[in-house]
1. What whole-number value in cubic angstrom gives the convex hull volume per residue for the C-alpha atoms of region A:168-304?
2. What FRET efficiency would be calculated for the residue pair A:Tyr407, B:Lys193, taking the C-beta separation as r and a Förster radius of 41 Å, to the nearest 0.05?
3. So in region A:85-261, what percent of DSSP beta bridges are antiparallel if you round to the nearest 5?
4. Would you please put A:113-126, A:52-65 in order of how densely packed they are, using the mean number of other Cβ atoms within 10 angstrom per residue and starting with the highest?
5. Go ahead and set up a Gaussian network model of chain B, Cα springs under 10 Å, then flag whichever of B:Lys193, B:Lys123, B:Lys216 fluctuates most.
6. List every residue whose amide H lies under 5 Å from the amide H of A:Asp102, counting only residues 5 or more places away in sequence or on a different chain, with H placed 1.01 Å from N in the peptide plane.
7. Could you tell me the relative contact order of chain B? Use alpha-carbon pairs under 8 Å, at least six residues apart, and round to a whole percent.
8. Which angle from 0 to 90°, rounded to the nearest 10, does the C-alpha axis of helix A:238-252 make with the longest principal axis of chain A?
Amino acid sequence: MTTRDILHETFSALTANKVRTSLTMLGIIIGISSVIIMVAIGQGAQGSIQANIQSLGSNLIEIFPGAQRSFGYGASGGRGNAQTLTPDDATAISTQVANIADVSPEVSGRYQVTAKGTNTNTSVTGVTAAYASVHNVQVNDGNFITDADSKNLSRVAVIGPTTASDLFATGTEPVGQTITIKGMPFKVVGVTVSKGSSGFNNQDDAIYVPLQDAQLFLLGKTTYLSTLSISAVSPDVMTQVQADITSLLLQRHNISDPTAADFNVLNQASIVSAASSVTGTFTILLAAVAGISLVVGGIGIMNMMLTTVTERTREIGLRKAIGAKRHDINVQFITEAVALTVIGGAIGVLLGWGASYTVTALGILQASISMSSVLLAFGVSAAIGIVFGYYPARRASRLNPIEALRYE
Amino acid sequence: MIEVKNITKTYVNGDNETHALRGVSFTIDDGEFVAIMGPSGSGKSTLMHILGALDTPTSGTYHLDKHDVSTLSDDELADIRRNRIGFVFQSFNLLPRATALRNVMLPLIYAEVPEKERIKHAKAALANAGLDEDRYNHMSNQLSGGQIQRVAIARALVNNPALILADEPTGNLDSHTGDIVLGTFQRLNKEYKRTIILITHEREVAEHADRIIYIKDGVIVEDGNSHDKRIISHAKRKE
């Protein structure tokens, strides 16, 4: 039998009972489309989590002070409270460690902030010009803090869009206004571009002031840093940079035992990979549930094919009597099963695509369809056709023509 | 030419042995029109299955055009059926979802004959079987019993077989339509020199053939010219 004849036979067999054919196909359609949707949603979630983390800064390594060690039997201070990081550490890192793009020394605290008659409590970060490039902060209106601002102790501030709307009435231009932080007046010189909030940490509700100002006026004449943020030149060198920084700081702080370090170095890549592994597990879970419905659909195909073989016993007998070989009958029934699953799979892919598109368009979630999941779905549906069509086809091809012709 | 030598067929069902054929021998020359006749349970169906290469004998040999058919595998038997035998069944066995023309083409589809030739051969076979041309593209469930059997005969003819086997071809037809179908067989035999074997239990049907082989309890009781009074009376007596 030529391929064309097989397809002709398949078409006429599948259109003979349209209701049954479409109901059987529905099982595969639901299975394939749910696999596609689930994987798309999972990958979308993974992508948006990664993007969120990336928005904190690219190739970011953060150094926090560790716990303050005390001598004798006293309890140690809380983690992060120690005054161990200095601007000299920052300079040493930027000059002695390779593959570093920028170093941003920071201090932070929460303060009461007031403007004309308005009042808010928000985080205030003392920064240098490097902060903007390390943390991907862009200014919408005005300028970011400059190195000159920091050196000259000029009392200027850059505020986030949420803080701006908290402090100033809509329509008021924030740049040029004066705000008061902990009793000290600061002139607003810029408003940052909105980054969106990630969980409890709203990056839009923030105020940036020059580092020296914050150390002198807000924290009270301290020279220590609360964070050192470092951006590496590429994601590949993160581990090396992290290791170099650790050994440099250990040496500078005269600590020989790495477990007793008075600082913590956090690598953004490890945060990303931890988050990715969570969403990855989640995606596998969703896909597994969808996969079960695919298997159920496959069993539906097998059920229909077995019914078909029984119903068409006489036809099979006739085909054999006029010279069809086992192989011909086998191919015919397997083709029918594969046609069912492949057509069902194609419709399922379109449906899944449509659903993912709708979810994305409605802004519910950023679902991303990958070509690999479409190809996989197609391959899987064809494989299901072969697997679940094999047994019925084999049964048909082994029918004895004499008995098949007598079958009532 | 068909040569059957001492064929037996035994069905074993547990401890029970059924001897459907107990040593049957005959020769049928090309262009003969033979009726194999016998009551039910006589073994004529078993003989038809062996002659039609649907089954193989337990012992003995069957040569169809010098090919030994008695020891072939399933797929080799399928080749023989496809190339050398045409079947006409009592219950017609047309594909319900296909046109008359498509039904007739079916054996050629399995023989992988190119489409153009297929249509040519199928139309010629339908014309030989006497179906009106305006019925060629009708679905088989839109045809009458007589028309269906003509399509079935055309299907048996289309691969230009050495042998046409008709198993009770008039069993599901009224006597008038049955006579027309039997007339068609006679015409195919006389005009186109087709070798035809008709399996039947009815004497009136068997009389349309030139030769009658009467079989009973798995052995041939009579074999002779259908106009021979002795054969006819024998058949009558057996009824």
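What follows is calculated from the coordinates using simple rules that are stated; it is not laboratory data. These numbers come from a predicted model, not from an experiment. Here the Cβ is made from the backbone with ideal geometry for all residues, glycine too, and neighbour counts use every protein chain on show.
1. In region A:168-304, the Cα convex hull volume per residue is 242 Å³.
2. After rounding to 0.05, the efficiency reads 0.70.
3. Here the antiparallel bridges make up roughly 75 percent for region A:85-261.
4. Top to bottom by mean Cβ count within 10 Å: A:52-65, A:113-126.
5. B:Lys193
6. So A:Asp102 has HN proximity to A:Ser231.
7. Once normalised by length, the contact order is 27 percent.
8. Helix A:238-252 and the main axis of chain A meet at about 30 degrees.
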